[in-house]
1. I'd like the Karplus ³J(HN,Hα) series for the range 251-258: coefficients 6.51, -1.76, 1.60, θ = phi - 60°, whole numbers in Hz, and an x wherever there's a Gly or Pro.
2. Give the calculated FRET efficiency between Glu328 and Arg308 to the nearest 0.05, with a Förster radius of 25 Å applied to their Cβ-Cβ distance.
3. Which of the peptides 341-352, 291-302 is most tightly packed, and how do the rest follow, judged by the mean count of other Cβ atoms within 10 Å per residue?
4. Mind listing which GluC sites (Glu not before Pro) in the range 327-426 are in a DSSP loop and have 16 or fewer other Cβ atoms within 10 Å?
5. Please sort by residue number the GluC sites (Glu not before Pro) in the range 141-238 whose DSSP state is loop and whose Cβ has at most 10 other Cβ atoms within 10 Å.
6. Order by neighbour count: Val165, Val248, Val373, fewest other Cβ atoms within 10 Å first, most last.
7. Only Cα pairs under 8 Å and at least 6 apart count here; give the relative contact order of the range 159-236 as a rounded whole percent.
8. What is the distance, in nm, between label points placed 7 Å from the Cα along the Cα-to-Cβ direction at His29 and at Phe153?
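Here, each number is a calculation from the coordinates, and none is a lab measurement. Nothing here was measured: the structure is a model prediction, and the numbers come from that model. Here the Cβ is made from the backbone with ideal geometry for all residues, glycine too, and neighbour counts use every protein chain on show.
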Amino acid sequence: MSYIIDRRLNGKNKSMVNRQRFLKRYRQHIKEAVSDAVNRRSITDMERGEQISIPDRNIHEPMISHGQGGKQHRVFPGNKEFNTGDQLEKPKGGGGGSGSGKASNQGEGEDEFSFFITKDEFLNYLFDDLELPNMIKKTLSQSKEFKTRRAGFVSEGTPNNLSVVKSLRNAHARRIGMGAGKRRKIKELQQQIDELIAAGNPDDSIIAGLREDIQALEAKLKLLPFIDELDLRYRNQVKVPQPSSKAVMFCLMDVSGSMTQDVKDLAKRFYLLLYLFLEKNYEHIEIVFIRHHTSAKEVDEQEFFYSRETGGTIVSSALKLMDQIVQERYLQGDWNIYGAQASDGDNWDDDSPVCAQILSEHLLPVIQHFAYVEITPHEHQALWYAYQGVAQANASRFATAQIRGPGDIYPVFRELFAKERYKEAV
C-alpha cells in the first residue's frame, strides 16, 4: 500500500478545503471525542485544541475488486471429519496476559488515526447545536463603533482612492458625446464628395472646399483632451455605525457553609463553559462575580472561587445586588444581559419566595436569559421548588437544571442551551 504525506505549508489556506471536507465526514466521531475531552480536562485548559483519534476500522474506504468468476471445482484431500453443510465452531481464544494492550501473533498492524483540531474547531464542536436564547445585537443611536464601507463614487477625493477604470470610462463617454456632432458632419461632407464624384465631371473647387471643412472638423476632434479633470472619479468610503454586540454575564454563587470546595469546582466548570459560549457569540464580554451567604458582594474571580468566607444562606441578597448593578451599569440598551446562579439549593425558608419575586418582577423583564443550576446529589431543595413557577411562566428566559457530579456538567449545559428547547418555548 502506498502512503502520500502532504508536507507543504498551509500557505493561504491551500489545504483548508480538504481539511473541512475531512472534518465534515467524521463529524460524529469528533463530536464524541470532544464530549469526552470536556469531562477529563482541567478548568484552566478548556480553551486549547484537542488531539482526536479515530479508530482504524472507521476510516477504511470501501473497495470493489474482481473475483475469479466462473464455476470452479476443487479437491481437498485428507478430509475425514466434515461433510457438506456442517457448521464449524469458532476457535476458542487462548490465555492472555495482564497488560492493557492487545497482543497479536501477526507481524504488522495499524495504529488509530490521530490528528489535532484547533481551539476554534474545538469550541465549534463543543457548542454545536446550541444557541443563546433571545440573543439580540442592539443598535445604539449614539454608537461609537463604525465600519468603513464602499458607497459609490465621488468627483473629489485623494489620489489613493482614484478609480482608474471609472475615470477612463467617463473620459471615453465624454469624448464620444462631445465629438458626435462633428463626426456626423464629417460623414455628411464625405457623402457629398462621393455623390459629386459619382455624378461625373465634378467641380474641383467645391470638392476642395468640402475636404478643407473635413480637415477642420478632424482637427477639432483631435483637440478634445484624452482625460479631463471632470472625468476623474474617486471611490467613496463612508463610516456606518455598527450594531453593538456586547454581553455581560452575572455569576452568582452560594458560599454558605453547605457549599464545599468540590461543589464550587463544579460551579466553576459550568461558569467556564458559559463564558466560552458567550465569547463565541459576542465580541465583547464582561463578567460580574457575585458571591453570597447571608449578604452578597461583588468580587473578582480569585475571591469568587477560592475565598474561605462563609456563613448562613440568604439567596435574595445576591439577586438584589445583581438588580442594582444592572440598573446602574447595564440598562442603557446596549448590553445583552445573562445570569447564572449555582447553589446547593439550601436557603432560608422565608427567603425563597422573595427570590422568585425578584426574578419575575425585576430581572427577567430586562435580561436575555437566567439559568439556575442546583449542584447536589440529593433531592431538590426549597429554592428549586420556589423557582418552578417562575420557570413555567418564563420558559424562554429562565431554565433550571441539576448537576449531581462532574459528568453531568456538559450534558446539563447542552440541555439548557439546546436550540430545540427554545423553539418549543416560543
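1. Coupling constants for the range 251-258: 10, 10, 9, 7, 10, 6, x, 7 Hz.
2. 0.30
3. Highest to lowest by the protection proxy: 341-352, 291-302.
4. Answer in residue order: Glu379.
5. Counting only loop positions with at most 10 other Cβ atoms within 10 Å, the GluC sites (Glu not before Pro) in the range 141-238 are Glu156.
6. Val165, Val248, Val373
7. The value is 63 percent.
8. Between His29 and Phe153, the label points sit 5.5 nm apart.
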